[in-house]
Amino acid sequence: MSTTTPTPTQHRRNGGDLVVESLAALGADTVFGLPGQHALGVFDALRRSALRYVGLRVENNAGFAADAYARTTHGVAPLLVSTGPGALMTLAALQEAAAGSAAVLAIGSQVPLAGIGGGRHGYLHELTDQSASFRGVVKSVHTARTASQIPSAVAAAWESALSAPHGPVWLEIPQDVLLAEADVPPVAGLEARPRELPPRPELIAAAADRLTEARRPVILAGGGVVRAGAEAELLALAEQLRAPVATTFGGKGAFPWEHPLSLQSWMEDRYTTAFLEDADTLLVVGSGLGELSSNYHTFRPLGRVVQIEADLGKLESNHAALGIHADARAALAALVKEVGEREAGLTEDGEAPGSGAAGPGSGDAPSPEAAVSDLLARVRDRIAGQQLDLEQQVLASVRDALPDGAVSCWDMTILAYWAWSAFDPRRTNALHSAQGAGGLGYGFPAALGVAVADPARPVLAVSGDGGAMYSIAELATARQYDLPVTWLIVDDGGYGILREYMTDAFGAATATELTRPDFVALAESFGVPALRTTPEQLRTDLAAALAAPGPSVVVLPAHLRMFAPTHLDS
């Protein structure tokens, strides 16, 4: 009896179909990725689905795009890659997603089932234990070894990614399972129920006690506030307590920049560090008080700390605190209610909230608003004394050129380090950077992911020339999908921040100087409009590029410097 190879019209549903059906059933409408031999079953299934596929040129960049898409949508971003090299190329992006709490569902193929189990069978892309490479990076690792396991495995991974705190997950499926005939009905009624993380009532009561009794309450808001969508609750609590609010670099946009209680984001500043230290009760929300948020671990609180954190591993990991393991939004909402009820009780007793000995701004101390204004003035004076006019001019030009509703994505470059401290995003969830894991190459592919999520708004990417070379191939992606991303490349001839670090530490820099292409000509070879600008012309040129449809590149040749650090003298 002879056999024939099925033609495309004879297709029978297989494991790849179950993957895309499961993703669609859970609410996905877009997937990112890059195909490979072992993953062809799932990529072939995409053409039979309604899912939109966005293909990038390097798996790491596909991961960065998925990361920013997840941050923008507050949802899950599926990422499809192949076995071995393709899978491993995502690790740096997944580390950033983990640091930034981005719900990336990475689905990778595996060698056929016969090659799994630790032996060396000689399959292409074979690893002894592929999933082991991911266990120290992602929230959870999942496997499907039969076609019927695929929907439940996808749902479990989706649920893990969206449970607080959000984060990346890894699911792998062998090649032959993806190609195996699926003798089950099309996936329809699939559900995932992410774990909620409400605060314990006795901890909220204790936190409310400390905050309402404090004379100098201060709030430090981290990226967990943005990821949880807790900006309104943060604002309400700060105004109830009249508590100044600083935001970490990951928490930028969590609190209105120009609010009278806003300390902004000058975390690498000794004046800000001292202000936070001097609080008799410091409420830390959605931050682990890590290296950058603690001004390189020089922060030493003098008062009591209350910490709200969804990531259990970060709770009290750097400082003793009244630790509340909870989602930022749920915990802040509970605090707003609890503090409000206490204020109402005080009012009924004839005493105005905040007017007693425990009230903020009592006695001869300046009001919280005056204290905030004084701090920001001292920060400005410190920067003004360092002859950094060019850097401030460039950052101001970028801010002026960027429409208020637009999102910006920043690579690891000197201008981004300035933006962490000094840039007003003007709305929440509008500035994304790689400051969590600190890898190069994030800015441009992340901006592509944002543009996929919201193509009606222009998006700005900012890179140095060194970081730009990590993702230059994605100019083809930007052109292919006609994405409205303007890429500002600050060209200083090398790894500028490393040049500064090495020169300061050793008196000279090594391995920081780079030969680079003509970025304008290179962009134009991809069919992407590009121009070279100057600091004086930057605002005009950048605004025009952002207003034009489709992708564009603006190159700024400039040597920028960082403001002086303050932690080295602590």
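The values are calculated or read from the model by the stated rules, or taken from the named source; none is laboratory data. Just so it is clear, the model here is predicted, and its values are computed rather than measured. Note that each Cβ is placed from the backbone with ideal geometry, even for glycine, and that neighbours are counted across all protein chains shown. Note: areas computed on protein heavy atoms with side chains; ligands, DNA, RNA excluded. Shrake-Rupley method; radii C 1.70, N 1.55, O 1.52, S 1.80 Å.
Of Leu376, Ala521, Ala434, which is farthest on the positive side of the dipole of the chain, counting Cα position, with +1 on Lys and Arg Cβ, -1 on Asp and Glu Cβ, and the Cα centre as origin? In the chain, that residue is Ala521.
For the peptides 71-82, 94-105, 175-186, residues were scored by their other Cβ atoms within 10 Å and the scores averaged per peptide; the highest-first order is 94-105, 71-82, 175-186. For Phe299, the solvent-accessible surface computed with a 1.4 Å probe is close to 10 Å², ligands and nucleic acids excluded.
Cross-link partners for Lys139 among the lysines, with Cα-Cα distance under 19 Å and sequence neighbours closer than 8 places in the same chain left out: Lys314. The charge dipole of the chain, taken about the Cα centre with unit charges on the Cβ atoms of Lys, Arg (+1) and Asp, Glu (-1), comes to about 1040 debye, rounded to the nearest 20. For the chain, the antiparallel share of DSSP beta bridges with both residues in that region comes to about 5%.
Checking the a/c ratio against 1.5 first, then a/b against b/c, what shape does the Cα gyration tensor give for region 1-140? Oblate is the answer for region 1-140, as a/c is 1.5 or above yet b/c matches or exceeds a/b. Rounded to the nearest 0.05, what FRET efficiency do Ala365 and His567 give with R0 = 22 Å and r taken as the Cβ-Cβ distance? Could you check? My answer for the efficiency is 0.20.
Compute the label zone of Leu302 within region 183-213: residues whose backbone N is under 20 Å from the point 7 Å along Cα-to-Cβ. Under cut-off, by backbone N: 210-213.
Quick check on region 395-484: take the gyration tensor over C-alpha atoms, sort the square-rooted eigenvalues as a ≥ b ≥ c, and tell me if it's rounded (a/c under 1.5), prolate or oblate. Here region 395-484 falls in the oblate category. For Leu40 and Ser152, FRET efficiency with R0 = 25 Å and r from the beta-carbon atoms, rounded to 0.05? About 0.60, to the nearest 0.05.
Relative to the longest principal axis of the Cα atoms of the chain, the long axis of helix 496-506 makes an angle of roughly 60 degrees. Debye-formula intensities of region 446-570, expressed as log10 I(q)/I(0) at q = 0.11, 0.17 Å⁻¹, are -0.43, -0.87 (one equal scatterer per alpha-carbon, no solvent). Averaging the sequence gap over all C-alpha pairs within less than 8 Å and six or more residues apart, then dividing by the number of residues, gives the chain a relative contact order of 12 percent. Rounded, prolate or oblate: pick one for the chain, where a ≥ b ≥ c are the square roots of the eigenvalues of its C-alpha gyration tensor, a/c under 1.5 means rounded, and failing that, prolate if a/b is larger than b/c, else oblate. Verdict is oblate for the chain.
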